[in-house]
Amino acid sequence: MTDAVILCGDAKPDGPLSPDREVISLKLHRPNANATLKIRDIHDRLASNISNRLIDLLEIAAYVYVADQSVGRGSPNAVDFGDSWRRRLSFHIPVRDLGFWSQSTVCSSLIDTLTFLSDDEFNFQFLSFNKPPPIQEYLELGTGCEDLKPETVMLFSGGLDSLGGLIREVLDEKRPTVLVSHRSTPKTFGPVEDLLTQFRSKCPPERLCHVPVWIYKGAKLTRAFEQRTRSFLYSALATVVARIFELDRIKFYENGITSFNLPIAEQVIGSKATRTTHPRVLNDFSKLYSLIADADFQVLAPFVWKTKEDVVRYIGNQNCQDLISLSNSCTHTYEKSKAHTHCGRCSQCLERRFAVLGAGLAASDPGDKYAVDLLTGDRKDGVDRAMAVGYVQRARILGQITDAQIFEKFPELHRILPYLDVPRAQAIKDSIDLLRRHSSQIGKVLEDGIKCYAKDLRQRNVPPTSLLFMAITDPALVEQPPAIERTPAPSFHKLEKDWEMSFDGITRHFIPMKGFDIIAQLLAQPGSDIHCLELVHMTEASHRDSSFIEAPAVMDEEVVTHQNMHEIKGEEAFDDRTHDTLRQKLLELSEARREAEELHDSRRIEEINAEFSQIEEYLRRGTGLKGKRRKLGTTDEKARKSVCRSVEYAIDKIGRRHESLSQHLRTSIVKGTFLSYKPSQPIPWTLA
């Protein structure tokens, strides 16, 4: 894991730094600035409404965004579920409102938001800003927005979704609207201005204002290109503009398929899958900005129940199809040219082209603007082929499996449901409908393409690596492109004489020890709280007839076994934390059972009932008359110490030969009377 310290402004480290920690200095202010933030066309009268706290937010977001691209990651090709691709980023940032940013609730909200958004580890140390520059240093003042009384502030990227949102707000709903755009390169911003120039001819001038924001940084600072924290910068800028006009909400226009961002292929699974407008991210933004605004502030996603094709159809229905060719969706910015404005290979280009063809508006989006044609283009690069095949496979799967299987195949959906601002049952129904509709739309485009190119397909005039040719071939039989780097899948299992563990592309073998059995039981039940005595019972049989290395005892204790674990002596069976954990677990299981019943998932219901009964038995055994806790002996405490010590000893042993696996287990396994494995994201372990 890359470990970097980011010193912002005139911040200095508060002590000596380890030589293996990367140090990056960033400065937004003159003199010696190596990053520049400019907000254009804000009238100076409006700028006076920007509080110190909002200026701090602007600077924090800018520093995070620049640092995101300044600290390198691991290999972009490896299928990586481990820590090597993640980074640990420690920021030292001077702020104007130190009392506010130092509050634990504010700092925790900021860290939680960025951690889920980027999948990196964040730490912030805020310092007092002794001589902060005025906000005017960031402004290029103009006449924009001076007389506007907006009802909406929305993010505008120049893509199809934000174009659909602009049409909805300004033309359909007739709301005075402020657009906030982020300019990262001239290649992306020139088309945005061209699109808005054409759009203005369709609406009254008093209904629209555009606030572009520019971020520049030194070329030497660019070492990563994912820009995973871009939406934090983007939303922070819009929030500042909204507060200038005393508004309490901003809007992200992104279709639900993109926001849900279910895995397409191995290349974007796990830590590499972006969460730019994930429903939880927008919910976290709302919480953070509410704290900053000291008011209820909302970050909304009005298109969350639309597919990209739905959005394109809406644009056409509003007689704005002439604007489609001026919009831009491609993420491969540096490959763009006047001849080819879209690469045709990235997931965004795939999604865009499928949507335009499905909506019957191909004439409004010329195919020759794509470097690779969606259906017949030769996808020579292995990763590009895998991306295209994976995109179609995902759509096919969504149309073939049952409702319950959708949630089994894509467990990420469970993390989305709580943040969709509708009752759970409705969220499940609407999510399934969205995914089914997307599947049907992709399938229809392929069917029409096969009919259109039937003769060429028969005569083999279509490249065998084109999406259309691959779509009519069983994808499982398509030769895997050699360009894809294959690494061992995460595994943790016992062989005849030793243990084999693969993680982060590295495989190691270890001599058996009791702690490995305990860890295997935890990995097999991610997220579950398992009592230490239950783990004793589970692992006891594994070592009855085999030798193993045991963790060295720290005191002379009797061996805890399944036979004596119910021995009653003189201590409470459950402490407060254990008792509360059990009760909370029952509530979670009840909610999970309701969800499974809604999906008619009988197997899941049976599993939940079994776990529910087991926990009820624990509570019954530990609770006497009138709800008083029974007294148990020292056995529970001995079991806890023994199991936790075994796990610690095993992780230490692993760390001597497999550092990334050791680090992952150390940060993901929660120890105590109840133990659990709770990784930051699901990992598909092979355990047998």
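Going through the range 348-363 one residue at a time, which ones are in a helix (DSSP H, G or I) and either out of contact with any Phe, Trp or Tyr (no Cβ under 6 Å at 6 or more places or on another chain) or closer than 19 Å to K338 by Cα (or both)?
Listed by number, the residues that qualify are Q348, C349, E351, R352, R353, F354, A355, V356, L357, G358, A362, A363.
At pLDDT 95 or above and not in a loop (DSSP other than H, G, I, E, B): is that true of T105 in this structure?
Yes.
I'm trying to understand the selection: among the residues of the range 602-620, which are of a type in the set (D, E) and closer than 24 Å to T402 by Cβ?
E606, E607, E611
Go over the candidates R88, R183 one by one and state the one that is under 30 Å from K338 (Cα atoms), at pLDDT below 95 and surrounded by 14 or more Cβ atoms within 10 Å (Cβ to Cβ).
Going through R88, R183 in turn, just one is under 30 Å from K338 (Cα atoms), at pLDDT below 95 and surrounded by 14 or more Cβ atoms within 10 Å (Cβ to Cβ): R183.
Going by what's in this entry, would H579 be described as out of contact with any His (no Cβ under 7 Å at 6 or more places or on another chain), modelled with pLDDT of 55 or more, farther than 26 Å from E637 by Cβ and outside any loop (DSSP other than H, G, I, E, B)?
Judged against the criteria, H579 is not a match.
Please pick out the residue among L37, L46, L17 that is part of a helix (DSSP H, G or I), over 26 Å from D504 (Cα atoms) and at pLDDT below 90.
Among L37, L46, L17, only L46 is part of a helix (DSSP H, G or I), over 26 Å from D504 (Cα atoms) and at pLDDT below 90.
Looking only at residues that are of a type in the set (A, V, I, L, M) and more than 23 Å from S440 (Cβ to Cβ) in the range 322-362, which one is surrounded by the fewest Cβ atoms within 10 Å (Cβ to Cβ)?
A339
Only one of L233, L195, L166, L171 is at pLDDT 90 or above and in contact with a Gly (Cβ under 6 Å, 6 or more places away or on another chain). Can you tell me which?
L195
In the range 448-470, is there at least one residue being of a type outside the set (V, I, T) and either modelled with pLDDT under 85 or within 30 Å of E591 (Cβ to Cβ) (or both)?
no
Go through the range 597-610 and give me each residue that's touching a residue at least 24 places away in the same chain (Cβ under 8 Å) and either surrounded by 17 or more Cβ atoms within 10 Å (Cβ to Cβ) or basic (K, R) (or both).
Correct list: L599, D601, R604.
The values are calculated or read from the model by the stated rules, or taken from the named source; none is laboratory data. Please read these numbers as outputs of a predicted model, since none were measured by experiment. When we count neighbours, we look across all protein chains shown, and the Cβ atoms used for this are built from the backbone with ideal geometry, even at glycine.
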